[in-house]
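Have a look at this one.
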Amino acid sequence: MVEITEHTRNVLLEVAKSKKIYVEGNFLKILKAPKGDKEFEEYLKLCKQKDIETRRKRLEVTKQVQQQNKQLETAAAKNNKLMFDLKVALEETERRKEEAEQAKAEAEKLRDNAISDLETLQKKTQFELVGRIVKIALIVIMGVGVITTALFAYTLITGQENPILESTWSNLFGILLTNSFSIVGTIMGVKYATEKD
């Protein structure tokens, strides 16, 4: 224990009265009032009360700061989780967008392939149809020509003159020749008219 001198005692009491400043902390534990000095004993009691009150306030502030720190840590953890979830959601959105674009590209490719196959099939079908029409037209033309020529040859061999058959034969060949070119021209016109640019 430290005993207080008269001068120190008076200074401490004067500072307490005039400026409301008191001794506090662990220093109070070693101060001892001179024997019989009731005023200084009261001063030390007041200092101890103020010290206890100050410590209590500091403890409350410390607890409040710790509680706020805990709340901040919890909020930071929630914020980090939200940021992580947001990042995952953005990555998932980007992945789905890329998948949708790939699916769209594949669908367009399949559509283009289907259109190409359909056009090829149509061209093949048209080509086969044109081929059949031309074959049938040629068979009909040749058949009529052969029959008419055979009849005309028969009349020449037998010596019978038949002006109707002669004119029919020459007209028939002219008509067949004209019609064959007309048929082929029509077929070619239809073929080129149905093609794209």
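Every number here is computed from the coordinates shown, using simple stated rules; none is lab data. Predicted, not measured: the structure shown is a model, and the values here were computed from it. Using ideal geometry, Cβ is built from the backbone for each residue, glycine included, and neighbour counts are taken over all protein chains shown.
Going by a ≥ b ≥ c, the root eigenvalues of the Cα gyration tensor, does the range 2-66 fall in the rounded group (a/c under 1.5), the prolate group (a/b larger than b/c) or the oblate group?
In terms of gyration-tensor shape, prolate.
Under a crude label model (7 Å from the Cα following the beta-carbon direction), how far is A100 from E166 in nanometres?
It works out to 8.6 nm between the two label points.
Roughly how many debye, to the nearest 20, is the charge dipole of the chain about its Cα centre, given +1 on each Lys and Arg Cβ, -1 on each Asp and Glu Cβ, and no other charges? If you can, show how the numbers build up before the last one.
Details: 32 positive and 29 negative charges, 434 e Å.
For this selection, approximately 2080 debye.
If you line up the long axis of helix 6-19 against the longest principal axis of the chain, both from Cα atoms, how many degrees apart are they, to the nearest 10?
Rounded to the nearest ten degrees, it is 50.
Also, I was wondering about something else. Once you place label points 7 Å from the Cα toward the Cβ at K124 and L72, how far apart are they in nm?
7.7 nm
To continue, here is another question. Could you tell me the largest-minus-smallest coordinate of the C-alpha atoms of the range 27-98 on each of the three principal axes, in descending order and whole angstroms?
In descending order, the Cα extents are 92, 15, 7 Å.
Now a separate question. Kirkwood hydrodynamic radius (Cα pairs, Å) of the range 111-197? Intermediate results must be reported in sequence, preceding the final value.
On the way: mean 1/r = 0.0635 Å⁻¹.
15.8 Å is the Kirkwood radius here.
³J(HN,Hα) across the range 180-189 via Karplus (A = 6.51, B = -1.76, C = 1.60, θ = phi - 60°), whole Hz, x for Gly/Pro?
5, 5, 5, 4, 4, x, 5, 4, 5, x
Under unit Cβ charges (Lys, Arg +1; Asp, Glu -1), what dipole magnitude, rounded to 20 debye, does the range 2-66 have relative to its Cα centre? Walk me through the numbers before you get to the answer.
Values: 16 positive and 11 negative charges, 70 e Å.
With only Lys, Arg, Asp and Glu charged at Cβ, the dipole is about 340 debye.
Averaged across orientations, what area in nm² does the convex hull of the alpha carbons in the chain project?
Numbers: hull surface 96.1 nm².
Across all orientations, the chain yields a mean hull projection of 24.0 nm².
Multiply the residue gap between R58 and K135 by 0.36 nm, knock off their C-alpha separation, and tell me the result in nm, one decimal place.
Details: separation 77, 0.36 × 77 = 27.72 nm, distance 11.27 nm.
Gain on extension, R58 to K135, equals 16.5 nm.
To the nearest 10 degrees, how steeply does helix 38-158 sit against the main Cα axis of the chain, on a 0 to 90 scale?
0 degrees
Report the extension gain between D37 and D117 in nm, rounded to one decimal, defined as 0.36 nm multiplied by the number of residues separating them, less their alpha carbon distance.
Numbers: separation 80, 0.36 × 80 = 28.80 nm, distance 11.75 nm.
Difference between extended and current length: 17.0 nm.
Right, here's the next one. Which cross-chain or sequence-distant (5 or more) residues have an amide H under 5 Å from the amide H of L31, H modelled 1.01 Å from N in plane?
Amide H neighbours of L31: V2.
Pick out, from M83, I21, N10, the residue whose Cα sits farthest towards the positive end of the charge dipole of the chain, with +1 on the Cβ of Lys and Arg and -1 on the Cβ of Asp and Glu.
Comparing the listed Cα positions along the dipole, N10 ranks first.
Let me ask something else about it. Cross-chain or 8 or more residues apart, Cα under 19 Å: how many lysine pairs in the range 2-66 fit that? Count them up, please.
Taking the Cα cut-off of 19 Å, the pair count is 24.
Using 1/(1 + (r/R0)^6) with R0 = 35 angstrom and r between the beta carbons of F181 and A107, what's the FRET efficiency to the nearest 0.05?
On the way: r = 47 Å, r/R0 = 1.35.
For F181 and A107, the calculated efficiency is 0.15.
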